[in-house]
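Note sheet for the following structure.
The values are calculated or read from the model by the stated rules, or taken from the named source; none is laboratory data. Quantities reported herein were computed from a predicted structural model and do not represent experimental measurements. Here the Cβ is made from the backbone with ideal geometry for all residues, glycine too, and neighbour counts use every protein chain on show.
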Amino acid sequence: MIDRIAILGTGLLGASIGLALREAGYKGAIVGWNRSPEGGETALKMGAIDSLVADGAEAARTSQATVLAVPIFATLDWMEKLAPVLGPGQLVTDVGSTKRLITGAGARLYNTPERAAFLPGHPMAGKERGGAALGDANLFRGAVWLFTDDAAARRSPQSARLVEEWREWVVKMGSKTRDLDAARHDEMVAWVSHLPQFTATALSALLEEVVGDAPELKDVGGRALREMTRLGASPFSMWRDIAHTNTEAVERAIAALEQRLAYLRENLRTPVLRDEFEQANKFRKE
């Protein structure tokens, strides 16, 4: 039974997990660690965690479950650091936005009889800005929480029970769960998550150059401009690791969009433009 959870990284997702667990009725202890003490103190004041510690490895060592809610490269570093000090009867899971490298590291470092279990996960939920102050107990409600678990057959019954219990808490937090192959996951999120982000970033950067010194034009843009550029407010720190760990899939998606935009540009005065609008409308139909 999971009666103590360590959350390493109390930013938006980490703080939201703590709040969502409490909202879902979790009665055990939740201990937090954060690289920035200020962010950890915010999560503590919000009630997302019960206590804030300076030693994340010790927090993990004394917990049944550890959630890695840090950027992807930091997740990989923590996985290396924790693997030798955790053992059977403990679970590590993550919330990273790309899964191929993380799932591979999990297969190499965890899920053996003498090591802790590792469950690679990715909640498809978030906001354009990060930080514990934006933590939300309802962030995962109605969202899909993806798992790229390839180790079920190698786990002991004890580890399997921990994995199942965590998956049950994910459902109690309001999420729907789905299992995917790690490579398929990274290909899919390149289209549905990463491409929209990089498109918004490029559009926002372009508009800043073109109309950045004419603020009245931003008002003219209205709702369409706000919706198209909302993701442009996302910080580089949230997306650097994604760009590095899913480069090929993102490149393919961006290249396909470039070709589609060129196709539109070439057909602004032809009936093809109507066909393109009709095709686009199909995607948004219920």
Q) Has segment 44-58 got any residue that is over 18 Å from the mean Cα position of the chain (by Cα), exposed (fewer than 15 other Cβ atoms within 10 Å of the Cβ), hydroxyl-bearing (Ser, Thr, Tyr) and not in a strand (DSSP E or B)? A) no
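Starting from residues that are of a type in the set (Val, Ile, Thr) and not in a helix (DSSP H, G or I), keep the ones in segment 96-118 and report whichever is modelled with the highest pLDDT. Even if it seems obvious, please write down each step before you answer.
From segment 96-118, those of a type in the set (Val, Ile, Thr) are 98, 102-103, 112; that's our starting set.
With not in a helix (DSSP H, G or I) added as a condition, the list becomes 98, 112.
Working: THR98: 98, THR112: 92.
The extreme case among them is THR98.
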Q: Filter segment 85-95 down to residues that are without any contact (Cβ under 8 Å) to a residue 60 or more places away in the chain, in contact with a helix residue (DSSP H, G or I) (Cβ under 6 Å, 6 or more places away or on another chain) and not in a strand (DSSP E or B), then give me how many there are.
A: 1
Q) Only one of these conditions is not met by SER159: (1) within 27 Å of ASN34 (Cβ to Cβ); (2) surrounded by 23 or more Cβ atoms within 10 Å (Cβ to Cβ). Which number is it? A) (1)
Q: Can you confirm whether segment 41-55 contains a residue that is free of Cβ contacts under 8 Å to residues at least 24 places away in the same chain, of a type in the set (S, T, N, Q) and closer than 27 Å to SER175 by Cα?
A: yes
